[in-house]
Amino acid sequence: MENLIALLIAAPLLGAAVLLCGGRRLDAVGQWIGTLLSFASFAFGVVLFADLLGKDPEQRTLTQHLFSWIQVESFQADVAFRLDQLSMTFVLLITGVGSLIHLYSVGYMEHDERRRRFFGYLNLFLAAMLLLVLADNYLLLYVGWEGVGLASYLLIGFWQHKPSAATAAKKAFLVNRVGDMGLSIAIMLMFLWFGTFAFGPLLGGEGEPGMVGDASEGKLTAIGLMLLLAACGKSAQVPLQSWLGDAMEGPTPVSALIHAATMVTAGVYLIVRSGAIFNAAPDAQLVVTIVGAVTLLFGAIVGCAKDDIKKALAGSTMSQIGYMVLAAGLGPIGYVFAIMHLVTHGFFKAGLFLGAGSVMHGMNDEVDMRKYGGLRKYMPVTFVTFGLGYLAIIGFPGLSGFFSKDKIIEAAFAKGGTEGWILGGCALLGAAITAFYMTRVMLMTFFGEKRWQPDENGNEPHPHESPKVMTIPMIVLAVGSVAAGFLFNWQSSFIHWLEPITGHDHGHAPLSAGVITGATVACMVIGVAIAYGQYGRRPVPAVAPRGSVLTRAARRDLYQDDFNHVVLVRGGEHLTRSLVYVDHTLVDGVVNGTAASVGGLSGRMRRLQNGFVRSYAVSMFGGVAILIAATLLMRAV
Amino acid sequence: MNPVNYLYLAALLFSIGATGVLIRRNAIVVFMCIELMLNACNLTLVAFSRMHGNLDGQIIAFFTMVVAAAEVVVGLAIIVSLFRSRHSASVDDASLMKL
Amino acid sequence: MSAQLAAYSTSTGEAFQFWVLGTVAVIGALCTVFMKKAVHSALCLAGTMIILAVFYLANGAYFLGIVQIVVYTGAIMMLFLFVVMLVGVTAADSLKETIKGQRWLALLCGLGFGILLIGGIGNASITEFNGLAQANANGNVEGLAALIFTKYVFAFEITGALLITAAIGAMVLTHRERTERAKTQRELSEERIREGKHIPPLPAPGVYARHNAVDIAGLLPDGTPSDLTVSKTLRERGQIRDVSTEALNDLKALEQRAEERLERTAIEPSTFKRPEEASK
């Protein structure tokens, strides 16, 4: 059964290879090859899942050693895979949601000439992400990590003819590099201090403590912070969040893939996987929770002000990932809920993005929500699926988001002390804002009067429902959004499933679970009410009003790009300018000076070589005289 | 008189010859100065032969003469061909490696 | 004689001979270096070498003394003189130094080297002279021969090879292959007629009966020297002596004397001009 693990990765990798190397003759069937192989991978995942379920909870870790990659003295890197409950969860999410997005893309990209390449990239993305979650050591994980970065670069910039898309791809890649550097430093530190980076010996497991159990807290804090930096890059957490909004330049299925199943979840996976390190480094954990809390508010506020439907959803993603990171930072109390929210979020966010894509598909690729309005009559399936996703994300009782988010808020309070109150408060506030901006999106898009106008060519959009190939994945995801939370929570099945890997701790919440749930629901209702008051009862202006200071700031992503520009870009320019100056004056000065002095010296020495035999004879004769003098002197002494 | 004076004389002649090599430009004169130096050496060899009471020094001097004869033959031939090509017997004119 | 050679100090006669001839030898060496003309240098060197031959004899090297005179003074120095003639006797090179600082460096080196050598010899404890009485007992030539053909026979054979090589080398260096057939007298005369530039034989060098040397150009009627009269080799070497002004001055003096004798008025020197000067 272990041998199936490699096939999980091999299937989409084969798809990528075939599609990218196959050339034009595959243009007609390329999308189906990609989708088929993606579903094949999902099928392998289901088989493996069934196999795992049949075993004892303690025996559910499968490993597959493919080959020894690098072996130099004590340095040992293997290409080996580890499939345990955590990886399995991710595998199912990635392949399941990923396959649905493949299927959806078949319809969405139907008229794109380069769709064969697009599906190749999608498969590559899946393969890289699967490698990331299945790797048995940090080095192999890093390969997958970089592969995800590469695939995201290719996909975000897929419409490279648009300068904005090309720029966004570059931005995503560069920001990710910062995080990647954190991961590479963390791996180097691991090797330096522990001599290995394999999960087993390093992190322990199956009841045995790993090497990190004996390490000093300082070392673990350093490694933890580096891992956090890596997670910030991939999961778009403050301060490396700026690429996520621009990444919306890619085709909508890409956004769905990046935001739901892959990429942004990588950071959460890394933190949960490295739980043993963070558990032993409370300072690093605290930083993780702070980053999570800041990001969840940051993303929520940005999401409130965006008129671009995809950018609003992007802010929402940032915010939801903030929840997960916050939960992951809480330690064993939160790991399970971080993953649970990740999975439910995977369902409803994918559904929301696919719904947004469906709306755009019917509206001639218009993304401005102020030009939507009243679309529920024109695209009922999209409306229903989007609506279910909406209810899930705001935490409507009974739907998946309610269960997972409520648990995170509980866990935040359960951290205890002032920190617990602050974190819990932030999470509650975030829930209210989430309800507000999602209701805003919902109302502006599907309710009210129609606001679209003919464009300058006189083409008036004709909103229509998307084809079946697009709606079916949306329906499947909507069902998932509704049912996942309940399934996971039924008899605490998800907690029992993950507990052997991540451990679980109930903590001591200062408030009873009922009170917190009540507060969450109340916050949600307040958020919805405010949004309804603002956008439901009054007509939405077709041109955005100027808005308050906060709104304007939020529209500009809370000035993150300006901040980056002033601090990093300008600072970098100044740094390079001064470095260039130093290079020109000091380094070049030394080099040129050496050359010049050698040249000058040679110019002088050249005169000695005048070609006159007699001059040479004088030097010889003088030399002989000096030799004799030296000999006599040595004799005399 | 101590026969060592022959050595002093030889040293003097050798130095004069060496100086001549350095300050004269006419290749023939330079060559003559070299001969002078060789002769000074021969004088020392002969004086040493007398000093040690055996004939080896004279044998060496004899060989020196033979070699000097050969050297003069070749050297003068070189000077003649040099003069043919440059129309000058000055060693300074032969300061370039090509004509 | 043999008793004297064995002594720590030589006889008075040898001392006298050393001081007198030694002085002459040093003077000869200095003249070799400082004489302007190569011929003079060669002659001075020959003198020095003869004196050295005498010193060899005085030191008991009878064979070498004779060889020095025969080979060095007789053969090598004559070879030098031949080459000097071949290259040009009058090619007196000026002693003016052209390389900056060369002379002073050379003198400094020579002086320093001499002082060092003499100081070194003075330092060495050479007090005992064994003398050659025993070695020369059976005759100097026989002693040398015994050594050359026994102990040094291998070196001797090699020197023989060296001499042959040197002889061949000298021939190779000086030999010039003729690339074309030499023209005959007939061909030369025919060529002269065909060109029509100078049909009669070239004019002879020399001026009147005063200067008949080959390097003196004959004068044209107006008193200018004619290059045609001098051999091409000398012309190329630049070894032509110009006596035109001398001849004119002689002529002027002759006229002066004739006027004095015939009591005529002197011609104003300022009005006397040579034709080419008058034409300017």
- Task: State whether the residues of the stretch C:149-167 include one that is among the acidic types (Asp, Glu) and surrounded by 11 or more Cβ atoms within 10 Å (Cβ to Cβ).
- Result: no
All conditions in (1) more than 9 Å from every other protein chain (Cβ to nearest Cβ); (2) surrounded by 17 or more Cβ atoms within 10 Å (Cβ to Cβ); (3) modelled with pLDDT under 90 are true of residue C:71 except (1)
Only one of A:577, A:607 is farther than 24 Å from residue A:304 by Cα, within 14 Å of chain B (Cβ to nearest Cβ) and of a type in the set (Lys, Arg), namely A:607
In the stretch C:96-109, anything at the interface with chain B (Cβ under 8 Å from one of its Cβ atoms) and not hydrophobic (A, V, I, L, M, F, W, C) is listed as C:97, C:98, C:102, C:103
Among residues of the stretch C:110-124 being more than 15 Å from residue A:630 (Cα to Cα) and more than 7 Å from chain B (Cβ to nearest Cβ), the residue modelled with the lowest pLDDT is C:124
Apart from one, (1) surrounded by fewer than 20 Cβ atoms within 10 Å (Cβ to Cβ); (2) touching a residue at least 24 places away in the same chain (Cβ under 8 Å) all hold for residue A:136; the odd one out is (1)
Per the filter on the stretch B:74-99, residues within 21 Å of the chain's Cα centre (by Cα) and more than 8 Å from chain C (Cβ to nearest Cβ) are B:75, B:82, B:91, B:94
Of the residues in the stretch B:37-73, those that are of a type outside the set (Gly, Ala, Ser), more than 8 Å from chain C (Cβ to nearest Cβ) and under 20 Å from residue B:17 (Cα atoms) number 6
In the stretch C:203-232, anything among the hydrophobic types (A, V, I, L, M, F, W, C) and surrounded by 13 or more Cβ atoms within 10 Å (Cβ to Cβ) is listed as C:207, C:214, C:216, C:217, C:219, C:220, C:228, C:230
Of B:31, B:14, the only residue that is within 19 Å of residue C:118 (Cβ to Cβ), facing chain C (nearest Cβ under 8 Å), in contact with a helix residue (DSSP H, G or I) (Cβ under 6 Å, 6 or more places away or on another chain) and of a type in the set (Phe, Trp, Tyr) is B:14
Expected single match for more than 7 Å from chain B (Cβ to nearest Cβ), surrounded by fewer than 19 Cβ atoms within 10 Å (Cβ to Cβ), modelled with pLDDT of 90 or more and in a helix (DSSP H, G or I) among C:44, C:31 is C:31
Exactly one of A:34, A:30 is more than 20 Å from residue A:3 (Cα to Cα), of a type outside the set (Ser, Thr, Tyr), more than 25 Å from the chain's Cα centre (by Cα) and surrounded by 20 or more Cβ atoms within 10 Å (Cβ to Cβ), and that one is A:30
If we take the stretch A:77-194, then helices (runs of 4 or more DSSP H) inside it with 2 or more residues that are modelled with pLDDT of 90 or more, under 20 Å from residue A:269 (Cα atoms) and among the β-branched types (Val, Ile, Thr) are A:85-108, A:138-156, A:163-194
Residues of the stretch A:164-216 being more than 27 Å from residue A:243 (Cα to Cα) and among the β-branched types (Val, Ile, Thr), in sequence order, are A:196, A:212
Scanning the stretch C:128-158 for residues that are in a loop (DSSP other than H, G, I, E, B) and more than 10 Å from every other protein chain (Cβ to nearest Cβ), the one nearest to residue C:63 (Cα to Cα) turns out to be C:139
Of A:214, A:180, the only residue that is of a type in the set (Asp, Glu) and either crowded, with 19+ Cβ neighbours inside 10 Å or closer than 22 Å to residue A:132 by Cα (or both) is A:180
For residue B:74, state whether it is part of a helix (DSSP H, G or I), over 24 Å from residue C:115 (Cα atoms) and touching a Gly at 6+ places or on another chain (Cβ under 6 Å). yes
Note on residue C:43: of the conditions (1) under 23 Å from the mean Cα position of the chain (by Cα); (2) in contact (Cβ under 8 Å) with a residue 12 or more places away in the chain, unmet is (2)
Checked pairs for the stretch B:16-39, first outside any helix (DSSP H, G or I), second at pLDDT 90 or above and of a type in the set (Ser, Thr, Tyr), C-beta under 9 Å and 6 or more apart or across chains, list as B:24/C:41; B:26/C:41
Those residues of the stretch A:250-265 that are under 19 Å from residue A:408 (Cβ atoms) and either surrounded by fewer than 24 Cβ atoms within 10 Å (Cβ to Cβ) or not β-branched (Val, Ile, Thr) (or both) come to a total of 2
Looking across the stretch A:96-116 at residues that are closer than 27 Å to residue A:363 by Cβ and in contact with a Gly (Cβ under 8 Å, 6 or more places away or on another chain), the single one that is surrounded by the fewest Cβ atoms within 10 Å (Cβ to Cβ) is A:115
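For every residue, the table says whether it meets (1) hydrophobic (A, V, I, L, M, F, W, C); (2) under 30 Å from residue B:21 (Cα atoms); (3) free of Cβ contacts under 8 Å to residues at least 12 places away in the same chain.
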residue: C:105; (1), (2), (3): yes, yes, yes
residue: C:111; (1), (2), (3): yes, yes, yes
residue: C:121; (1), (2), (3): yes, yes, yes
residue: C:125; (1), (2), (3): no, no, yes
residue: C:139; (1), (2), (3): no, no, yes
residue: C:155; (1), (2), (3): yes, yes, yes
residue: C:167; (1), (2), (3): yes, yes, yes
residue: C:175; (1), (2), (3): no, yes, yes
residue: C:182; (1), (2), (3): yes, no, yes
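The values are calculated or read from the model by the stated rules, or taken from the named source; none is laboratory data. Fair warning: this is a prediction, and the values are worked out from it, not measured in the lab. Backbone-built Cβ (ideal geometry, glycine too); neighbour counts: all protein chains shown.
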